[in-house]
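Trainee: Quick one: this structure, given as structure tokens, is what I'll be asking you about.
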Amino acid sequence: RGFMYAGAPRVAISLWAINDRATADLMGNFYRELLSGNQSMSASAALRSAQLRLRRNPRWRAPYFWAPFTIQGEYKR
């Protein structure tokens, strides 16, 4: 909530503590998708794409590693 009060339109959050390496892989994929130049992709679509990519990796296949991440805040198409 503090980020929202400070003016952030949206934040990506985790609902529970996750392995640092899995988070780094997920966030790398998330930002690659978000900044890929596809202007029509929303943050939630970029997160979903990153989660699906992480899910295909045998090391991070379990939902424990990718499911707790969500986008909170303003929806933008």
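The values are calculated or read from the model by the stated rules, or taken from the named source; none is laboratory data. These numbers were taken from a predicted model, which means no experiment stands behind them. No Cβ is skipped: glycine too gets one built from the backbone with ideal geometry, and neighbour counts run over all protein chains shown. In case anyone asks, the SASA skips ligands and DNA or RNA and just uses the protein heavy atoms, side chains included. Shrake-Rupley method; radii C 1.70, N 1.55, O 1.52, S 1.80 Å.
Trainee: List the trypsin sites (Lys or Arg not before Pro) within region 1-57 that DSSP assigns to loop and that have no more than 15 neighbouring Cβ atoms inside 10 Å.
Mentor: Filter output for region 1-57: 1.
Trainee: Still on this structure: Take the alpha carbon atoms of the chain, find their radius of gyration, then divide it by 2.2 N^0.38 Å using N residues; give the quotient.
Mentor: Rounded to two decimals, the normalised Rg is 1.10.
Trainee: Using Cα pairs closer than 8 Å and at least 6 residues apart in sequence, work out the relative contact order for the chain, in percent.
Mentor: 46 percent
Trainee: Accessible area per residue for the chain in Å², computed with a 1.4 Å probe and the full protein assembly in place, what is it?
Mentor: Result: 70 Å² per residue.
Trainee: Net charge within 13 Å of residue 61 by Cβ-Cβ distance, Lys/Arg positive one each and Asp/Glu negative one each, not counting residue 61 itself?
Mentor: For residues surrounding residue 61, the net value is +3.
Trainee: Return one number: the angle in degrees, 0 to 90 and rounded to the nearest 10, between the long axis of the Cα atoms of helix 20-34 and the longest principal axis of the Cα atoms of the chain.
Mentor: Once rounded, one gets 50 degrees.
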